[in-house]
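We did not get these values from a lab; they are worked out from the coordinates using the rules stated. Keep in mind the model is a prediction, meaning the values are calculated, not measured. Counting neighbours? That spans all protein chains shown, and the Cβs are built from the backbone with ideal geometry, glycine included.
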Amino acid sequence: MIIGVTGGMGSGKSFVAVLLGKLLGVDVLSADILCRDLLQIQMPGWQGIQEKWGSRFLDFAGNIDRAVLRKVLFAEPEVRRGVEQILHPLVRQEIISRAAEKRVSLEGMVVEVPLLFEVGWQNDFDWIVVVYSEHECCVQRIVRRDSVSQEEGRSAISAQISLEEKALQADSVIENSGPLALTVLQVYHLARLLNL
């Protein structure tokens, strides 16, 4: 079974994806890590960004300056769309390829995809889990994790489909606003369900 885990920024989807993968005994693939790999020097994502914007997002060593790029992505929607047009097809191709390998070997896989519904990849997965957290909880996590202002955190969240809307489209929802122990219990229960 190929399981997609999604949610909003700061919802805790990475934690849930890793724990679910461990409990099921399957590999975990992160779309964010695939993006990071694709942005390394001379990789396809790096080449696409360099061709489109020249050295605008490169540091002195020729690496993508991710902090600069992240700020621009939130501030300039046209740049965000351009980066997505470069990276999303590459990421999807890699996910589909790895999922096909897992299906052939009769193995499962958990794939963390932050923008799963936004990009319309629902049909690429057998089961979709949405990690839900209350809005202010997500904002505070983003502020702490990314060292950004509350306004920037709220702006980042508003660029995505609401968690309520995502939850309505999910096969399972993990509520992650409260104590960590409750989240862990929910993921254990889900793993048992998916192992049946």
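How many of the residues in region 81-125 are part of a strand (DSSP E or B) and within 24 Å of GLU165 (Cα to Cα)? If you could, list the steps in order and put the result at the bottom.
Of all residues in region 81-125, those part of a strand (DSSP E or B) come to 109-112.
From the residues that got through so far, the ones that are within 24 Å of GLU165 (Cα to Cα) too are 110-112.
Number satisfying all stated conditions: 3.
So which of ILE49, ILE41, ILE86 is more than 18 Å from the chain's Cα centre (by Cα), on the phi < 0 side of the Ramachandran plot and surrounded by 14 or more Cβ atoms within 10 Å (Cβ to Cβ)? Can you show your working first?
Values: ILE41 fails: surrounded by 14 or more Cβ atoms within 10 Å (Cβ to Cβ); ILE86 fails: more than 18 Å from the chain's Cα centre (by Cα).
After applying the criteria, what remains is ILE49.
Quick grid of which residues meet (1) closer than 22 Å to VAL130 by Cβ; (2) under 18 Å from the mean Cα position of the chain (by Cα); (3) surrounded by fewer than 17 Cβ atoms within 10 Å (Cβ to Cβ):
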residue	(1), (2), (3)
GLY8	yes, yes, no
VAL18	yes, yes, yes
ARG36	no, yes, yes
PHE57	no, no, no
LYS71	no, yes, yes
**Q.** Residue pairs meeting the criteria (Cβ under 6 Å; at least 6 apart or on separate chains; first among the β-branched types (Val, Ile, Thr), in region 160-186; second in a helix (DSSP H, G or I))
**A.** VAL173/ALA167; ILE174/VAL16; ILE174/GLN186
Q: Among the residues of region 1-52, count how many are among the acidic types (Asp, Glu) and in contact (Cβ under 8 Å) with a residue 60 or more places away in the chain.
A: 2
Q. Restricted to region 151-196, and to residues that are among the charged types (D, E, K, R) and within 30 Å of ARG80 (Cα to Cα), which residue is surrounded by the most Cβ atoms within 10 Å (Cβ to Cβ)?
A. LYS166
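Residues are listed down the side, and each one gets a yes or a no for (1) aromatic (Phe, Trp, Tyr); (2) over 28 Å from GLY54 (Cα atoms):
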| position | (1), (2) |
| --- | --- |
| VAL91 | no, no |
| GLY108 | no, yes |
| ASP124 | no, yes |
| TRP127 | yes, yes |
| SER147 | no, no |
| GLU165 | no, yes |
| SER172 | no, yes |
